[in-house]
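Nothing in this text is a laboratory measurement; each read-out follows from the coordinates by a stated rule. Keep in mind that this is a model prediction, so the values were computed, not measured. Backbone-built Cβ (ideal geometry, glycine too); neighbour counts: all protein chains shown.
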């Protein structure tokens with residue numbers, strides 16, 4: 001019984017890790033701009049597909065491919081901010097969010113035209129026998145996914161707490177006018193937040209593709225799940241996003257395992273609704289913080 | 001001025017005489033067939049090879065003198081994978097173009113929408129979609145035919161093979177789309193006939209990334225084999241998870257597995273996966289005595305030469321639909337009722353890409369489980385099972 005439970009748990013953690021990365025991506029842009037960037041799922045797809053392009057199509061070495069994929073995703077994030085968000089600096093927030101939906105549709109169109117509709121895959125980062133934990137079998141790539149997610153979380157935590165740039169970004173989120181007065185280049189920070197969220201999403205895409213394959217229209221599903229995770233943990237809280245992501249992944253897996261696989265999406269959403277009824281601000285955001293929110 | 005008009009006169013005469021020559025070559029009026037295909041939209045992976053096949057066959061037939069001297073004109077309408085659009089296009093084909101028959105549509109939903117229209121217009125429809133309700137019940141589908149194999153035939157082929165292997169307990173895992181649900185129904189309803197017990201029944205969404213949980217449940221349920229019923233990336237993910245879990249029981253896939261792309265994507269995980277496939281994808285493995293081999297070879301090679309891609313099973317459905325109508329037109333001429341009667345009574349032992357067709361009053365598809373070969377993946381290639 002323990003074996004089966006562990007199997008369900010690891011399956012949930014693997015899927016949940018990607019949800020967590022998407023949720024963190026949502027938070028990064030939300031914290032700097034109050035915008036919910038609904039093209040977040042497309043960044044994951046870009047990560048997977050570009051990694052395939054560099055490593056399988058161009059046959060570049062692994063680390064070069066990773067670097068180029070991260071750079072490509074960063075450029076996409078940068079262009080997105082400079083071409084669509086910046087020109088509308090003082091527009092209504094809701095309008096900006098709608099623009100991110102438009103961007104996600106455009107990105108999907110571009111991906112479809114350049115990669116076609118078929119799924120893509122490349123070999124796992126390390127080849128070899130799956131790991132056996134008390135009889136539960138874990139693919140090596142699943143450990144990579146969980147490990148990379150953990151690494152990203154730690155790096156981002158240090159970045160926001162310990163570096164000047166991270167603190168400056170947080171300052172922009174709290175009060176853009178005051179940030180400007182103390183000499184922070186707000187526009188640059190906003191741009192950087194898009195670049196960073198694109199990179200985080202792309203890293204998730206690179207890690208998960210050997211397990212789940214990647215095709216041009218996987219983005220919206222990931223965005224919805226990641227958004228749920230962000231809401232569950234409390235929009236803006238990275239701790240919450242991580243916990244929310246893993247929680248949704250594990251809940252889905254446990255529902256599929258112990259109740260029925262047909263109802264797994266429904267149960268995860270019902271629990272999300274329950275949390276929002278009982279604690280509308282999400283698990284990790286206090287009531288006062290909720291009142292400070294613009295959206 | 002005068003010289004210019006003189007020149008004009010000469011040119012016009014020349015052009016006219018060339019035109020007359022062309023008309024003389026095809027003195028008889030063209031036979032018009034409509035084709036309703038999902039060239040764009042979510043089902044475009046069906047409509048694209050079907051359209052290519054229609055264009056290719058039209059060229060080939062007209063180059064060799066048409067049908068008894070009549071050129072064949074296939075009027076292709078894009079249904080955008082949408083029922084309403086299919087109905088409107090069908091009306092256009094029937095009323096403006098006055099077609100003799102229609103092939104398509106590509107999906108079951110669109111085909112069902114056309115059933116009453118075609119019956120009222122008393123015009124034959126040869127659908128390229130698989131759903132059983134398209135041609136059943138037969139007495140209400142007087143003018144409707146279809147060429148793809150039934151889902152139920154694929155299930156019977158799997159169960160038949162399993163029985164020979166001594167398997168009686170199966171776990172099924174299906175995708176939550178129309179295709180998966182139809183497969184699940186067929187798997188459940190036919191199981192008793194072959195003495196099969198379904199001990200686990202799992203589902204997953206079309207964009208899910210990991211099916212380990214579902215497969216683990218099947219593993220502990222005591223099943224002797226897994227059957228996955230899906231199209232798209234899901235079937236590759238299931239294969240990879242099945243391989244990673246070292247389940248120790250064989251994996252069977254539906255007839256949607258028949259693309260080399262799937263073996264490529266699943267890599268060594270695909271080794272040993274068994275599926276019922278139409279003979280189109282394994283034509284080079286068939287014995288020379290097989291009545292389908294020659295036409296499968298010609299169709300596949302012509303298609304690959306012209307479009308640089310695999311025709312796949314779907315292009316084959318359009319091939320069968322068009323060639324049946326061409327056959328009928330050759331024998332009975334441009335008469336809708338006679339074409340219908342010919343399709344129902346004279347398509348017997350008729351080799352197509354989908355199988356050997358045997359139409360009858362009660363069966364407007366004419367294929368059974370013998371349309372499938374059981375195929376296993378071996379060394380990255382298909383291999384026939386006996």
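Figures for the structure shown
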| quantity | calculated |
| --- | --- |
| Cα gyration tensor, segment A:108-200 - rounded (a/c under 1.5), prolate or oblate | oblate |
| Approximate spin-label separation residue A:133-residue B:92, in nm, with each point projected 7 Å along Cα-to-Cβ | 5.8 nm |
| Helical contribution to [θ] at 222 nm, DSSP H n ≥ 4, -39,500 (n - 2.57), averaged over chain B, rounded to 500 | -14500 deg cm²/dmol |
| Residues B:151, B:320, B:368, B:341 arranged by fewest to most Cβ contacts within 10 Å | B:341, B:368, B:151, B:320 |
| Within 10 Å of each Cβ in B:212-225, the average number of Cβ atoms from other chains | 5 |
| At R0 = 45 Å, FRET efficiency that the Cβ-Cβ distance of residue A:178 and residue A:63 yields, to 0.05 | 0.65 |
| Relative counts (whole %) of C-alpha pair distances in the protein assembly as shown, using bins that are 20 Å wide | 17, 42, 30, 10, 1, 0 |
| Approximate spin-label separation residue B:139-residue B:335, in nm, with each point projected 7 Å along Cα-to-Cβ | 2.7 nm |
| Burial ranking of peptide ranges B:248-254, A:49-55, A:178-184 (average Cβ count within 10 Å, highest at the top) | A:49-55, B:248-254, A:178-184 |
| Förster radius 25 Å - calculated FRET efficiency between residue A:164 and residue A:286 (Cβ-Cβ, nearest 0.05) | 0.40 |
| Segment B:23-81 - convex hull of alpha carbons, volume per residue in Å³ | 62 Å³ |
| Segment residue B:221-residue B:264, extension gain: residue separation times 0.36 nm, minus the distance between their alpha carbons | 12.4 nm |
| DSSP bridge pairs, the protein assembly as shown: antiparallel proportion in percent, nearest 5 | 35 percent |
| Ratio of Rg to Rh over segment A:6-292 (Cα coordinates, Kirkwood Rh, two decimals) | 0.97 |
| Ranked by how many other beta carbons lie within 10 Å on average, peptides B:72-83, B:286-297 from highest | B:72-83, B:286-297 |
| Per-residue Cβ neighbour rank within 10 angstrom, fewest leading, B:306, B:340, B:279 | B:306, B:340, B:279 |
| For segment B:54-80 versus segment B:202-240, the gap between their alpha-carbon centres in whole angstrom | 43 Å |
